[in-house]
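Every number in this text was worked out from the coordinates using simple rules, so none of it is lab data. On a predicted model such as this, the values are computed, not experimentally measured, just so you know. Glycine gets a Cβ as well: all are built from the backbone with ideal geometry, and neighbour counts include every protein chain shown.
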Amino acid sequence: MSVVPPIAAPAPSPSSPSSPSPFRGRIGGDARSGHYAVPRRYRLHLCLSCPDCLRIAVTHGLLGLADAVPVTLLPAVPDAPGGGHSALVPLYEAGAHRYSGPAAAPVLGDGWTGRVVSTHTPDILHDLARRFGCERPGRPDLYPRAAEAEIEAVALLCERGVDGAARRAGRAGAGAEEREEALATLFGALDALEARLAGSEWLAGEALTAADVQAWVSLVRLDTVHRLHLDAAAVHRIAGHPRLWAHARRLTAIPAFGAHLDLEGIVRRHRADCRDREAAGAAVRILDWAAHARREAVSSSA
């Protein structure tokens, strides 16, 4: 009998929300798909200090899916090796024989089988919107067909130009040339996002979309995490995008955004994982997020 090797997955970095996903199941439109859209069949397991989980939580809230897809909230600081959560270990082990990677969030689990459907954030977001949220009256169309290219463009700006560049600029081992290149990329991305808001209320199309959700999460992380490792001049330059930060303030006042903002948890997770040095920009806060957030409690769904 051949021995099946363990299924390993790389440990997700807390500062890198785009780590490879070991599970890529999709929710289909009917029973022939295997995983198909049935209310309360699936459950989300989210940690609000994680940027990917925060994007999913905001999307879930905007679509009003608390009853259709319940949520279990996990502790802000992972308690298992590799950035995993001990509460998710049974799901991972049921989903992959001899799985040896971290039991990390986010997770879309199948209550009928007790297994993981997906840990891939873009797939989870699309399936929530297209399979559960599309027919709910009064809910936003977060992935309108006509704005797909614009949404993808904003996603790339956020992932590479904001998140990735800010991470490189604040890395302790970065040399002066690398830091300057990363800051130039960051400033260019913020300029591009600012320009998108010059003649529009939204970043893609004529209404709230997934582009606004992604940009908001990137700005939250830029101000609460990456800023701590940048010098004061860089932070002042980042803050010099008035339309973009005003957009972030406006979104924070929407309950689906602000109610999921766990500022204390983000700070605790960052302190637990970060090895980079704090810089002068740590004292220059860009936005008072708590002051703009709607005070509505967020708890695990039944």
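Were the residues from GLU206 through ALA184 laid out at 0.36 nm apart, the gain over their Cα-Cα distance would be 5.0 nm. One chain, two ends: ARG250 and ALA87. Fully extended at 0.36 nm per residue, the span grows by 55.2 nm beyond their Cα-Cα distance.
Assuming a ≥ b ≥ c are the square roots of the Cα gyration tensor eigenvalues, decide whether the stretch 110-152 counts as rounded (a/c under 1.5), prolate (otherwise, with a/b larger than b/c) or oblate. Oblate, because a/c is 1.5 or more while a/b does not exceed b/c. Taking a ≥ b ≥ c as the square roots of the Cα gyration tensor eigenvalues, with a/c under 1.5 meaning rounded and otherwise prolate when a/b beats b/c, else oblate, which class fits the stretch 81-211? Taking the square roots of the gyration eigenvalues as a ≥ b ≥ c, the stretch 81-211 is oblate. Other residues whose C-beta falls under 11 angstrom from the C-beta of LEU54 contribute a net charge of 0, scoring Lys and Arg +1 and Asp and Glu -1.
Between the amide H of LEU74 and those of LEU46, CYS47, LEU48, distances stay under 5 Å, these residues lying 5 or more places away or on another chain, with hydrogens modeled in the peptide plane. Beta bridges assigned by DSSP with both partners in the chain are antiparallel in approximately 65 percent of cases. For the stretch 31-133, averaging the sequence separation of C-alpha pairs within contact (under 8 Å, six or more residues apart) and dividing by the residue count gives a relative contact order of 32 percent. Considering only VAL267, VAL162, VAL235, the mean-square fluctuation computed in a Gaussian network model of the chain, springs between alpha carbons under 10 angstrom, is largest for VAL267. Contact order for the chain, expressed relative to its length and based on alpha carbon pairs under 8 Å spaced 6+ residues apart, stands at 20 percent.
In the stretch 75-171, Cα pairs under 8 Å separated by at least six residues give a relative contact order of 15 percent. Placing one identical point scatterer on every Cα of the stretch 129-202 and ignoring solvent, what is log10 I(q)/I(0) from the Debye formula at q = 0.14 Å⁻¹? Once normalised to I(0) and log-transformed, intensities are -0.60.
Does the stretch 31-133 classify as rounded, prolate or oblate by the C-alpha gyration tensor (a ≥ b ≥ c root eigenvalues; a/c under 1.5 gives rounded; else a/b over b/c gives prolate, otherwise oblate)? Verdict is oblate for the stretch 31-133. Residues in the stretch 253-259 carry Karplus couplings, in order, of 6, 7, x, 4, 8, x, 5 Hz; the curve used is 6.51 cos²θ - 1.76 cosθ + 1.60 with θ = phi - 60°, and Gly or Pro positions show x. The label point for THR113 and the one for ALA283, both projected 7 Å from the Cα toward the Cβ, are 5.5 nm apart.
Backbone phi angles across the stretch 46-53, fed through the Karplus curve with coefficients 6.51, -1.76 and 1.60 (θ = phi - 60°), yield HN-Hα couplings of 10, 10, 5, 7, 8, x, 4, 5 Hz in residue order; Gly and Pro are listed as x.
Against the chain, whose longest principal axis comes from its Cα atoms, helix 242-252 is set at around 30 degrees. Which of the listed residues, HIS226, CYS274, CYS158, is farthest toward the dipole's positive end in the stretch 145-292, when Lys, Arg count +1 and Asp, Glu count -1 at the beta-carbon? So the residue we want is CYS274.
Phi angles of the stretch 202-217 translate, via the Karplus equation with coefficients 6.51, -1.76, 1.60 and θ = phi - 60°, into HN-Hα couplings of 10, 7, 8, x, 10, 8, 4, 9, 4, 4, 5, 4, 5, 5, 4, 5 Hz per residue; Gly and Pro are given as x. By DSSP, the beta bridges lying fully in the stretch 31-133 are antiparallel in about 75 percent of cases. Charge tally for GLU148 (other residues, Cβ to Cβ under 15 Å; Lys, Arg +1; Asp, Glu -1): -3.
Per the Debye calculation on the chain with a single equal scatterer at every Cα and no solvent contribution, log₁₀ I(q)/I(0) for q = 0.09, 0.10 Å⁻¹ amounts to -0.44, -0.55. Amide H contacts for VAL117 (H built 1.01 Å from N in the peptide plane; partners 5 or more residues away or on another chain; cut-off under 5 Å): LEU108, GLY109, ASP110.
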